[in-house]
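A short reminder: the numbers here are calculations on the coordinates, not readings from a lab. In this text the structure is predicted, and so the values were computed from the model without any measurement. Neighbour counts run over all protein chains shown; Cβ positions are idealised from the backbone, glycine included.
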Amino acid sequence: MKILITGVAGFIGSNLAKHLLKRGHSVVGIDNLNYGFLRNIEFAKNDSKFKFILGDIANPHILTDIPADIIVHLASQKIPRYTNALRTLDENYLMLRNVVEKCRFDKTKILFASTSDVYGKNPNIPFNENSDLVMGPTTVKRWAYALSKMYGEQYIIANKDEYGLKYTIARFFGSYGPHQNLTWWGGPQSVFIEKAFKNEAIEVHGDGTQTRTFTYVDDTVGALVSCIENEKSDNEIFNTGSKSGGEIAIKDLAVMIWRLVNGEGSQPKINFIPYTTFGNYEDVMRRVPDISKLKTVLNFEPQWELEEGLKLTIEWQKQFMTK
């Protein structure tokens, strides 16, 4: 197959490209390098089945004359913890609109990267694909990202109903691993690893009792490959997740990472940062997926435990700590 990946030089995009090329597919990747890095796709620079285009898909012309069997739309703005909500809302809509219009015109399938954040404040754990999506007040900007993804899902399904657009939606839960962004953009584990290497206090937001479910990138990408190659994924939504849950309190994640970096006998240094530091911000206490649909419909089984994946991630990130 010929597969177009938006955000190919980012974390998940680069890992997905590597897996697809190994499986014999051709890949065209687009990235504006705002959050991605050319080093992430260095492995493919001499591969005749890979083509990289430097560009921004907020510009509709960038997608012209690129044939593809499926477009994997990964490029996205994230939760506006340190940025503004308007950029998240505007850019996520513009990029999706351009991709969907191309898919409609070319009769190409879209595989859309959504997020566990769409489940919002729903207290009913674990979340399945039919769970209610419960948002906080519109005066709290952290919901802008979730709302942009909820809109994206609705927009895609509406285009399916009106124009026959073929789609798959994947809701990611806490992906981590090699090629992850090394700032908060990449998730708490990225920053925690850096702090542990530098023997500096790890900053945990709130009291750290909030939990997240973390998924090693090979499991996230494996689920995406199944969505690409298996027609049973057509017009379906899937949660992605890890082998045995992967749920952990953020303060416990900090302790685990500290000890994996510095040894079992070391005493973790942790500073708790009040949410008031981020202005009018609101967090959720638990994020746990039900991935039974992924297992039964696509016959996909995640392979990685959290500590096992973190060891490989720490080993990869070490190279950036010694320069």
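Only lysines eight or more places from K78 in sequence, or on another chain, were considered; those with a Cα closer than 18 Å are K121, K141, K149. Axis of helix 306-321 versus longest Cα principal axis of the chain: the two differ by about 90°, to the nearest ten degrees.
Each of S175, S131, S266 was scored by other Cβ atoms within 10 Å of its Cβ. Listed from fewest to most, they are S266, S131, S175. Applying Stokes-Einstein at 37 °C and 0.692 mPa s to the Kirkwood radius of region 233-323, computed over alpha-carbon pairs, gives a translational diffusion coefficient of 201 µm² s⁻¹. Over region 160-253, the alpha carbon radius of gyration divided by the compact-protein estimate 2.2 N^0.38 Å works out to 1.35. Scaling against 2.2 N^0.38 Å puts the C-alpha radius of gyration of region 262-301 at 2.11.
Å³ per residue of the Cα convex hull, for region 127-214?
Per-residue hull volume (Cα only) is 148 Å³.
Rounding to the nearest 10 and keeping the result within 0 to 90°, find how far the Cα-based axis of helix 143-163 lies from the longest principal axis of the chain. For helix 143-163, the angle is close to 20 degrees. For region 106-263, the alpha carbon positions stretch 55, 38, 26 Å along the principal axes, listed from largest to smallest.
Here the Debye sum runs over all C-alpha atoms of region 86-136 as equal scatterers in vacuum, and log10 of I(q)/I(0) at q = 0.18, 0.23 Å⁻¹ comes out as -0.76, -0.90. Compactness of the chain is given as radius of gyration and Dmax, 19.0, 61 Å, from Cα positions.
Only Cα pairs under 8 Å and 6+ residues apart enter the sum, and on that basis the relative contact order of region 173-260 stands at 38 percent.
The angle between the Cα long axis of helix 85-106 and the longest principal axis of the Cα atoms of the chain comes to about 30 degrees, rounded to the nearest 10. Across all directions, the average projected area of the convex hull around the alpha carbons of region 1-103 is 6.3 nm².
Within region 111-177, all pairs of alpha-carbon atoms sorted by distance into 5 Å bins from zero give the percentages 4, 16, 24, 24, 18, 10, 4, 0. Remark on F272: its backbone amide H falls under 5 Å from those of V204, a criterion applied only to residues 5 or more positions apart or on other chains, H modelled at 1.01 Å from N. Could you estimate the translational diffusion coefficient of region 25-80 from the Stokes-Einstein equation, with Rh from the Kirkwood formula over C-alpha pairs, at 37 °C and 0.692 mPa s, in whole µm²/s? Stokes-Einstein gives a translational diffusion coefficient of 260 µm²/s. Within the shell of other residues whose beta carbon sits under 13 angstrom from the beta carbon of D252, the net charge comes to 0, with Lys and Arg scored +1 and Asp and Glu -1. Can you tally the net charge around N92? Count Lys and Arg as +1, Asp and Glu as -1, for every other residue whose Cβ sits under 11 Å from the Cβ of N92. That works out to +2.
Listing H179, H19, H73 from the residue with the fewest other Cβ atoms within 10 Å to the one with the most, what is the order?
Going from sparsest to densest Cβ surroundings: H19, H179, H73.
Here the translational diffusion coefficient of region 244-286 follows from Stokes-Einstein with Rh set to the Kirkwood radius across Cα pairs; for 20 °C and 1.002 mPa s it amounts to 171 µm²/s.
Give me T138, T220 ranked fewest to most by other Cβ atoms within 10 Å of their Cβ, as a rough exposure proxy. Don't skip to the end; give the middle numbers.
Numbers: T138 10, T220 27.
Ascending Cβ contact count within 10 Å gives the list T138, T220.
Per-residue ellipticity at 222 nm from helix content only, as computed over the chain with -39500 (n - 2.57) for each DSSP H run of at least four residues, stands at -11500 deg cm²/dmol.
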